[in-house]
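The values are calculated or read from the model by the stated rules, or taken from the named source; none is laboratory data. If you're wondering where the values come from, they're calculated on a predicted model, not measured in any experiment. FYI the Cβ positions are ideal-geometry reconstructions off the backbone, even for glycines, and counts take in every protein chain you see. The area values use the complete protein model at the heavy-atom level, side chains included, leaving out ligands, DNA and RNA. Shrake-Rupley method; radii C 1.70, N 1.55, O 1.52, S 1.80 Å.
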Amino acid sequence: MNGTEKASAFASRKSGGAPLSMLTAYDYPTAKLFDEGGVDALLVGDSLGMVVLGFPDTTHVTLDMMLHHVAAVARATPKALIIGDFSIGTYPDPETAVVNARKLAAAGADAVKLEGGVAQADKVRAIVEAGIPVCGHLGMLPQSVLEEGGYKKKGKTPEQSAAILADARALVDAGVFAIVLESVVPATAAHITREIRIPTIGIGCGTGNCDGEVSVATDLLGTFPWFVPPFARPEADLAPQIVAAARAYVARQTRL
Ligand code: KIV
């Protein structure tokens with residue numbers, strides 16, 4: 001299946017069946033293992049800036065970094081849909097957005113993701129017309145964390161909820177195949193999910209309020225113990241095992 005076919009198969013799951021599963025992946029082995037685990041989509045998110053590259057937020061990530069990691073994930077040739085994130089400042093207008101979407105696709109992304117609603121509709125339309133599927137991202141937008149002065153819950157008031165729904169409708173009209181909702185209060189996330197005809201993928205939106213869920217790989221695996229978001233639901237706690245393996249290795253050297 002090509003990227004467009006994979007994205008439309010993903011979107012068709014809105015109409016029933018098991019909830020959609022998406023995990024971030026930034027490298028070849030993780031992509032291979034998550035694909036073996038059966039996830040529907042692998043998001044090469046710009047969260048890589050924080051959980052892999054050690055920056056304080058995603059505003060330090062460049063397109064070259066994204067291309068490097070998208071290519072690593074693509075080399076795993078997963079069955080899952082590969083979504084490559086645009087890094088901050090790389091989709092300022094429709095023409096630049098298309099040029100950079102083509103670079104992400106050439107690196108191996110089946111689809112791309114960008115942050116924002118009504119203001120991004122012309123860029124989404126241009127990328128979709130260029131033949132590259134686009135995933136939206138609404139609610140808390142990590143690329144705006146500095147302007148916003150922190151990570152804040154979204155959709156708390158009727159006005160905020162209506163604004164997110166208007167953004168979602170603008171993205172749907174522009175042709176996105178799915179929308180990530182980040183840190184949107186559960187009732188608002190559920191309302192948006194009911195109101196639009198494409199899948200919503202939640203993170204920090206409570207359980208069962210979206211058509212699927214996305215988790216950051218390190219939150220799932222317990223490999224970034226220095227910061228664990230309150231909504232994380234780990235399935236493993238690998239950090240102590242990694243430390244123990246390193247200690248065992250050091251001890252083995254000293255016995256030689
Ligand atoms: O960059 C990322 O990993 C993301 C998810 C948090 C949705 O955008």
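May I have the convex hull volume per residue, in Å³, for the Cα set of region 96-173? Mind dumping the intermediate values first?
On the way: hull volume 7.7 nm³, N = 78.
Cα-based convex hull of region 96-173, divided per residue, equals 99 Å³.
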Original post:
So how do T24, T62, T254 rank on accessible area, 1.4 Å probe, biggest first, that is with the largest at the start?
Top reply: T254, T62, T24
**OP:** Please sort 8-18, 240-250, 215-225, 88-98 by packing, taking for each peptide the average over its residues of neighbouring beta carbons within 10 angstrom, highest first.
**Re:** 215-225, 88-98, 8-18, 240-250
Subject >> Whole-percent pair-distance distribution, where bins are 5 Å wide, for the alpha carbons of region 157-256 >> reply: 2, 12, 18, 15, 12, 10, 9, 6, 4, 4, 3, 2, 2, 0
Subject >> Order of exposure, largest accessible area first, which applies to K154, K79 with probe 1.4 Å >> reply: K79, K154
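Using the Cα centre of the chain as the reference point, and only Cβ charges (+1 on K/R, -1 on D/E), how large is the resulting charge dipole? Debye, rounded to the nearest 20.
Values: 22 positive and 27 negative charges, 122 e Å.
Here the size comes out at about 580 debye.
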Original post:
How do D110, D173 rank by accessible surface area computed with a 1.4 Å probe, from largest to smallest?
Top reply: D173, D110
Original post:
Which whole-number value in Å² is the accessible area per residue of region 3-255, probe 1.4 Å?
Top reply: 46
**OP:** First check a/c for region 100-225, with a ≥ b ≥ c the square roots of the eigenvalues of its C-alpha gyration tensor; if it is under 1.5, answer rounded, and if not, answer prolate when a/b is larger than b/c or oblate otherwise.
**Re:** oblate
**OP:** With a ≥ b ≥ c taken as the square roots of the eigenvalues of the C-alpha gyration tensor of region 53-95, please select rounded if a/c is under 1.5 and otherwise prolate if a/b is larger than b/c or oblate if it is not?
**Re:** oblate
Original post:
Carbon-plus-sulfur fraction of the accessible area of region 92-185, 1.4 Å probe, in percent?
Top reply: 56
Subject >> Contact order normalised by residue count of region 3-255, Cα under 8 Å, 6+ apart, percent >> reply: 17
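Helix by helix through the chain, keep the DSSP H runs that span 15 Å or more along the axis on Cα and average at least 1.0 on Kyte-Doolittle, and give those back in order. Let's see the in-between values first.
Values: long enough: 63-74 (16 Å, 1.28); 94-107 (20 Å, 0.25); 158-174 (24 Å, 0.36); 238-255 (26 Å, 0.19).
Result, helices passing both filters: 63-74.
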Original post:
What percent do you get for the relative contact order of region 109-204 when only Cα pairs under 8 Å and 6+ apart count?
Top reply: 31
Original post:
Probe 1.4 Å, all protein chains in place: accessible area of H60 in Å², nearest 10?
Top reply: 80
**OP:** May I have the pair-distance distribution P(r) for the chain, computed from all Cα-Cα distances with 10 Å bins from 0 and rounded to whole percent?
**Re:** 7, 31, 38, 17, 4, 2, 0
